[in-house]
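Notes for the one structure printed next.
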């Protein structure tokens, strides 16, 4: 076995995988990676199943030290990365020799990166998953976000040739939503305002929910409804009119009207929008959303066909350069506020 | 011939779930239909359905849009929802011990004052109730019970508490509930139970099912402390009794 010792890591970083669906009827949310495409791409690079457990790394930098050789791959939010000074391009695999350190910079133009590890992370699954859900005491090897000093175990690197993966170009298109289930709690003018406005994700957001900053959305009949079930991407509107998009660690039920739902194919893209960057929503019908869901499933299924050999070190550096040019400004998220306030402080059973 | 039941509303919750809404209100008849549809869908699983989540007034059906689309699944759900609701279903019945008042139920005195009666009378009304698990949600094991006597209906607190203890038994609006984990709540805290509705490394991990019947029995603080130790070691504490 090899080990990866976490020498430094920011908040909002945890072991995540495909999650544990199936127990929402008991109030247990599935959790799992917020950007499933990035998780699957990273895992595919090191020969894992698409939803194996990986490290979901929040907007801040991190350092990992190898004890024994460890093969990894990084996907998701672009960031500077190097192993003992050798640059690691986004969407490629790389191997740490015994004693080497992988250093990751701040996320640029995204929020979460996924560090997949060849052979997966050793742990004890609960409900078939290693994903961290700290509130429910779930997650392995640690039932909480990762901290400096933690150690993850994995098999020793195979020595397989490194790969890169060609992913579709990142999109800045509006985030698509399907109206409902409670859009009839809002006037048509309010729905128009929702679509016509620019929105920003507040820095007081976390894996339970992303708070949106923008115009207040007025309810027609008040903000209390009888609780009903939630999904990833439920756009609920509490009393102050500032919407909250429910994320992977959401409560399984909620008592605020849900004006719309982010379509599943756009959920990962939405999760990656950095705090403070303006974006818009666009409404689509269920049928169109389902066409997109099928395309997204096909993309996930065919990821292995997108693997490419890495021809030379030069190409590696070019890829990194391209990513730097294409990347957006450094995240405006402030280390002191991100994750400092959780939604648990302001929501409750109803 | 049985009267035709009004069809539920089928509301999309994105592209991978349907909210099957029987009512907009807390309504016992609607909750029975929710639970009946939930059972019917468990008995005859539809291809593509991944899980179902009953709530007071609706059933959330999660599905895989690669396998089935909204319209086709909606038709099948409507057909199941039109079936007559069984008059009596073989539900389990649990008796849950509660220590009321004091540090275990810090709102008992205030609730009594607000309702112009004594704490003992509040406890008597609460233990007299015959409840049903209408839904489990929000956090693991948080069991929402229907059947609260109208004489205990009270608006929720103006200022929700950020942290309430594990095992809290509380009332809010027309509902009562048992929460498993410590967490925020805007309800009035009447007492505490040692029963863990959710406990890892116990079989079953989740004790209560939506549709189960529940009654409460008052215990003293010493009994609670003993039960709490036993519960920590994996005992159910809740007694299953014949219906």
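Derivation of every value follows stated rules applied to the coordinates shown; laboratory data play no part. The structure presented is a predicted model; accordingly, all values stated were derived computationally and were not measured. Positions of Cβ are backbone-derived with ideal geometry, glycine not excepted, and every protein chain shown enters the neighbour counts.
If you count, for every residue in B:155-165, the Cβ atoms of partner chains within 10 Å of its Cβ, what is the mean?
For peptide B:155-165, the averaged partner shielding equals 2.
May I ask for the equivalent-ellipsoid semi-axes of the protein assembly as shown, computed as the square root of five times each C-alpha gyration tensor eigenvalue and listed largest first in whole Å? Don't skip to the end; give the middle numbers.
Details: eigenvalues 371, 150, 101 Å².
Computed over the protein assembly as shown, the values are 43, 27, 22 Å.
Specify the residue with the greatest mean-square fluctuation among A:271, A:116, A:293, computed from a Gaussian network of chain A linking alpha-carbon atoms under 10 Å apart.
In this elastic network of chain A, the residue with the biggest mean-square fluctuation among A:271, A:116, A:293 is A:293.
Which residue, B:58, B:13, B:146, tops the fluctuation ranking in a GNM of chain B built on C-alpha contacts under 10 Å?
B:13
Can you give the direction-averaged projected area of the convex hull of the alpha-carbon atoms in region A:191-316, in nm²? Write out the running numbers ahead of the final one.
Details: hull surface 41.5 nm².
Averaging across all directions leaves 10.4 nm² for the Cα convex hull.
With a Förster radius of 25 Å, plug the Cβ-Cβ distance of residue A:184 and residue B:95 into 1/(1 + (r/R0)^6) and report the FRET value to the nearest 0.05.
0.05
Expressed as an acute angle from 0 to 90° and rounded to the nearest 10, what is the orientation of the C-alpha long axis of helix B:221-232 relative to the principal long axis of chain B?
Rounded to the nearest ten degrees, it is 40.
Work out how far the C-alpha atoms of region A:1-143 reach from end to end along every principal axis, then list the three figures in whole Å, largest first.
Largest first, region A:1-143 extends 49, 35, 25 Å along its Cα principal axes.
Provide the percentage of antiparallel DSSP beta bridges, counting only those with both residues in region B:93-241; round to the nearest 5.
80
What's the angle, to the nearest 10 degrees (0 to 90), between helix B:70-81's Cα axis and the longest principal axis of chain B?
So the helix axis and the longest Cα principal axis differ by about 60 degrees.
Between residue B:242 and residue B:103, what FRET efficiency follows from the Cβ-Cβ distance if R0 is 41 Å, with the result rounded to 0.05? Before the final figure, lay out each step's value.
On the way: r = 34 Å, r/R0 = 0.83.
Step by step, r from the Cβ atoms, then E = 0.75.
Rounding to the nearest 10 and keeping the result within 0 to 90°, find how far the Cα-based axis of helix A:313-326 lies from the longest principal axis of chain A.
Between the helix axis and the principal axis of chain A, the angle is about 20 degrees.
May I ask you to work out the translational diffusion coefficient for chain A at 4 °C, viscosity 1.567 mPa s, via Stokes-Einstein with Rh from the Kirkwood sum over Cα pairs, reported in whole µm²/s?
Values: Rh = 20.6 Å.
The estimated diffusion coefficient comes to 63 µm²/s.
Would you mind computing, in nm to one decimal, how far apart the modelled labels at residue A:295 and residue B:9 are, each placed 7 Å from Cα along Cα→Cβ?
The two pseudo-label positions are separated by 3.1 nm.
Mean separation of Cα pairs under 8 Å and 6+ residues apart, divided by the residue count of region B:139-201: what relative contact order is that in percent? Could you put the intermediate results ahead of the total?
On the way: 133 pairs, mean separation 24.2, N = 63.
Answer for region B:139-201 is 38 percent.
Hey, with R₀ at 51 Å, roughly what FRET efficiency would residue A:160 and residue A:282 work out to, going by the Cβ-Cβ distance, to 0.05?
Efficiency, rounded to the nearest 0.05: 0.75.
Within 10 Å of each Cβ in B:175-186, how many Cβ atoms from other chains are there, averaged over the peptide? Don't jump to the answer; show the numbers that get you there.
On the way: counts 4, 0, 1, 0, 2, 3, 4, 1, 6, 8, 3, 5.
Partner Cβ neighbours, averaged per residue: 3.
Show that you can apply the helix-only estimate: for chain B, add -39,500 (n - 2.57) for every DSSP H stretch of four or more residues, divide by all residues, and state [θ] at 222 nm to the nearest 500.
That comes out to -7000 deg cm²/dmol.
Mind telling me which of B:224, B:70, B:22 comes out most flexible in a GNM of chain B, alpha-carbon contacts under 10 Å?
B:70
Which residues does the label zone of residue B:153 cover in region B:118-134, counting backbone N under 11 Å from a point 7 Å along Cα→Cβ?
Backbone N within reach: none found.
Taking every residue in B:129-138, how many Cβ atoms of other protein chains lie within 10 Å of its Cβ, on average?
The shielding value for this peptide is 5.
What is the list of residues in region A:193-218 whose amide nitrogen lies under 13 Å from a point 7 angstrom out from the Cα of residue A:242, following Cα to Cβ?
Under cut-off, by backbone N: A:200-206, A:210-217.
Would you calculate a helix-derived [θ] at 222 nm for chain A, using -39,500 (n - 2.57) for each DSSP H run of n ≥ 4 and dividing by the full residue count, to the nearest 500?
-5000 deg cm²/dmol
Under a point spin-label approximation (7 Å from Cα along Cα-to-Cβ), what is the residue B:42-residue A:170 distance to one decimal in nm?
Label at residue B:42, label at residue A:170, 4.5 nm between them.
Take the Cα of residue A:63, step 7 Å along the line toward its Cβ, and report every residue of region A:98-129 whose backbone nitrogen sits under 11 Å from that point.
It comes to A:101-104, nothing else.
After finding the eigenvalues of the alpha carbon gyration tensor for region B:1-116, what semi-axes result from the square roots of 5 times each, listed largest first in whole Å?
Rounded to whole Å, the semi-axes are 35, 18, 15.
Quick check: convex hull over the Cα atoms of region B:93-241, volume per residue in Å³, rounded to an integer? Write out the running numbers ahead of the final one.
Working: hull volume 14.4 nm³, N = 149.
Once divided by residue count, the hull of region B:93-241 is 96 Å³.
Starting from the Cα-Cα distance between residue B:113 and residue B:27, subtract it from 0.36 nm times their residue separation and give me the gain in nm to one decimal.
28.1 nm
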